[in-house]
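Since the structure comes first, as C-alpha cells, the remarks are kept for the end.
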Amino acid sequence: MITFLSGGTGTPKLLRGMRELLDERDITVVVNTAEDTWLSGNHLSPDIDTVMYLFAGILDTNRWWGIRNDSYITHDLLARLGIEEYIAVGDQDRAVHAARGEMLRSGMRLTEITRTLCHTLDIRATVLPMTDSVVTTYVRTPRGEIHFQEYWVKHRGEVAIDGVVRRFEEPPAATDEVIKAIEESDAVVIGPSNPVTSISPILECTGVREALRRQHVIAVSPFIGDAPISGPAAALMQAFGKEPSSAGTYGLYEDFVDVFIQDTRDPVELEGALRQDTLMVNRGKSLDLAKSILTLVYGC
C-alpha cells in the first residue's frame, strides 16, 4: 500500500496515473481539510471531493474540481433569489455537500462521513480526512483576515497577502486512521500540491511528522524556478515566510523526506534531488511520473 498526502490539484494529477498502475485498494489518500467551508447551509470539503470524484470516475479534469457535466440550476436560481454564492457549485456536487452537512450535524466524524460517501460512490481506494476536528486556513490582507476560499475563488488570488494563519478551537490531531495508514504503508508520497495550504495543514496535525520520520517518504516539488506549476503557491510561500521555490519546499519537508523530486527544467539546484518531468499536463505525463515513483518504491 502507498499513502499519499493530497490537496486538490497537484497530488490528484499524480493519482490519475497511479490508479492505472496500482489496485485502488492499495491506495490511501490523506487529504487536507483546512480549506473546508460552509456555503448555503451545506459543507464543502473541496480537496476531499476532488479526490473522491477522481476515484469515482466523475471528476471534471478540465478544472480539477466538481463533477463532469454537472448542471447549475440551483446555483443560478439562488442568484435570482438574491443569494450570491462566490463558489459556483453544481447540482450533483451540492447534493454531496448537503449530505455531508447533514451527517456532520448528526454528530458523525468526518472520517466516517467520507467512508460513507466513498462507499456510495463505489470508491475502492481509502480516502481519509487529515483530522476530524475543524481547522481553517485564513490569509492576512491589509483589510484583515479572509478565508482561503474567499482569497482564491472570490478574489482569484489577486489580493495582496502578508501572512497565512490556521484557526482552530483546539490544536488539530491526526486521526488514528491517518497514523495507521502512514505507518503501514510501503511508502508515503507527497505530490506537487501547494506546500502551504494543502500539505502543511496535514503536517501540522499532531502525530503526522513523527510518523513520517519513521517512513520512506517521496516528495514532488510544485515549483519550476520561482513559478508554481499551478495555483497561488508562490504568493502563499512568501506570506508563509518561505522562499517560493523547490528549495523553500524542501525546507518544509527536510526533517522527514527521503527522496525529493524536481522538474527537469527547474533551474534551482538541490543536492541529491532526483530530476523528473513533473508537468502532468495529460494522462500520459501523469502515468510516466507515477511509474518512476513506483520504481523508487518497489524497484521494478
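For every residue, the table says whether it meets (1) assigned to a helix (DSSP H, G or I); (2) modelled with pLDDT of 95 or more; (3) charged (D, E, K, R); (4) surrounded by 14 or more Cβ atoms within 10 Å (Cβ to Cβ).
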{"position": "152", "(1), (2), (3), (4)": "yes, no, no, yes"}
{"position": "159", "(1), (2), (3), (4)": "no, no, no, yes"}
{"position": "167", "(1), (2), (3), (4)": "no, yes, yes, no"}
{"position": "177", "(1), (2), (3), (4)": "yes, yes, yes, yes"}
{"position": "182", "(1), (2), (3), (4)": "yes, yes, no, yes"}
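Count, please, the residues in segment 256-275 that happen to be under 21 Å from the mean Cα position of the chain (by Cα) and either more than 23 Å from residue 1 (Cα to Cα) or among the polar types (S, T, N, Q) (or both). Quick ask: steps written out before the conclusion?
Of all residues in segment 256-275, those under 21 Å from the mean Cα position of the chain (by Cα) come to 256-263.
After this cut, where a residue has to be either more than 23 Å from residue 1 (Cα to Cα) or among the polar types (S, T, N, Q) (or both) as well, the list is 262-263.
Residues meeting the conditions: 2.
So which of 188, 208, 196, 220 ends up being of a type outside the set (Phe, Trp, Tyr), touching a residue at least 40 places away in the same chain (Cβ under 8 Å), over 29 Å from residue 281 (Cα atoms) and crowded, with 23+ Cβ neighbours inside 10 Å?
208
Keeping to segment 48-98, report how many residues are within 23 Å of residue 193 (Cα to Cα), of a type in the set (Ser, Thr, Tyr) and in contact with a Gly (Cβ under 7 Å, 6 or more places away or on another chain).
Number satisfying all stated conditions: 1.
Out of 49, 36, 23, I need the residue that is over 14 Å from the mean Cα position of the chain (by Cα) and among the acidic types (Asp, Glu). Which one? Spell out how you get there, then give the answer.
On the way: 49 fails: over 14 Å from the mean Cα position of the chain (by Cα); 36 fails: over 14 Å from the mean Cα position of the chain (by Cα).
Unique residue meeting the criteria: 23.
Within segment 134-150, how many residues turn out to be open to solvent by 40 Å² or more (accessible area, probe 1.4 Å), without any contact (Cβ under 8 Å) to a residue 40 or more places away in the chain, over 17 Å from the mean Cα position of the chain (by Cα) and closer than 24 Å to residue 202 by Cα? First the steps, then the outcome.
Applying the first criterion (open to solvent by 40 Å² or more (accessible area, probe 1.4 Å)) to segment 134-150 yields 134, 138, 140, 142-143, 145, 150.
Those still in the list that are without any contact (Cβ under 8 Å) to a residue 40 or more places away in the chain too: 138, 142-143, 145.
Going one step further and asking which of them are over 17 Å from the mean Cα position of the chain (by Cα), we end up with 142-143, 145.
Restricting the remaining residues to those that are closer than 24 Å to residue 202 by Cα gives 145.
Of the residues in that region, 1 qualify.
Hey, does segment 92-104 have a residue that's in a loop (DSSP other than H, G, I, E, B) and either modelled with pLDDT of 95 or more or out of contact with any His (no Cβ under 6 Å at 6 or more places or on another chain) (or both)? First the steps, then the outcome.
Taking segment 92-104 as the starting set, the residues that turn out to be in a loop (DSSP other than H, G, I, E, B) are none.
The answer is no; no qualifying residue exists.
If you go through segment 251-294 one residue at a time, how many are open to solvent by 60 Å² or more (accessible area, probe 1.4 Å) and either closer than 27 Å to residue 214 by Cα or not aliphatic (A, V, I, L, M) (or both)? Don't jump to the end; show me each part of the working.
Taking segment 251-294 as the starting set, the residues that turn out to be open to solvent by 60 Å² or more (accessible area, probe 1.4 Å) are 254-255, 258, 264-265, 267, 269, 271-272, 275, 281-283, 285, 288, 291.
Among the residues that remain, those that are also either closer than 27 Å to residue 214 by Cα or not aliphatic (A, V, I, L, M) (or both) are: 254-255, 258, 264-265, 267, 269, 271-272, 275, 282-283, 285, 288, 291.
Residues meeting the conditions: 15.
Which is on the phi < 0 side of the Ramachandran plot and open to solvent by 20 Å² or more (accessible area, probe 1.4 Å), of 122, 91?
Details: 122 fails: on the phi < 0 side of the Ramachandran plot.
Answer to the check: 91.
Any chance you could count how many residues in segment 108-119 are closer than 17 Å to residue 202 by Cα and open to solvent by less than 10 Å² (accessible area, probe 1.4 Å)?
Looking only at that region, the number is 2.
The values are calculated or read from the model by the stated rules, or taken from the named source; none is laboratory data. Not measured: the values here are computed from a predicted model. When we count neighbours, we look across all protein chains shown, and the Cβ atoms used for this are built from the backbone with ideal geometry, even at glycine. Just so you know, the surface numbers come from the protein's heavy atoms only, side chains and all, with ligands and any DNA or RNA stripped out. Shrake-Rupley method; radii C 1.70, N 1.55, O 1.52, S 1.80 Å.
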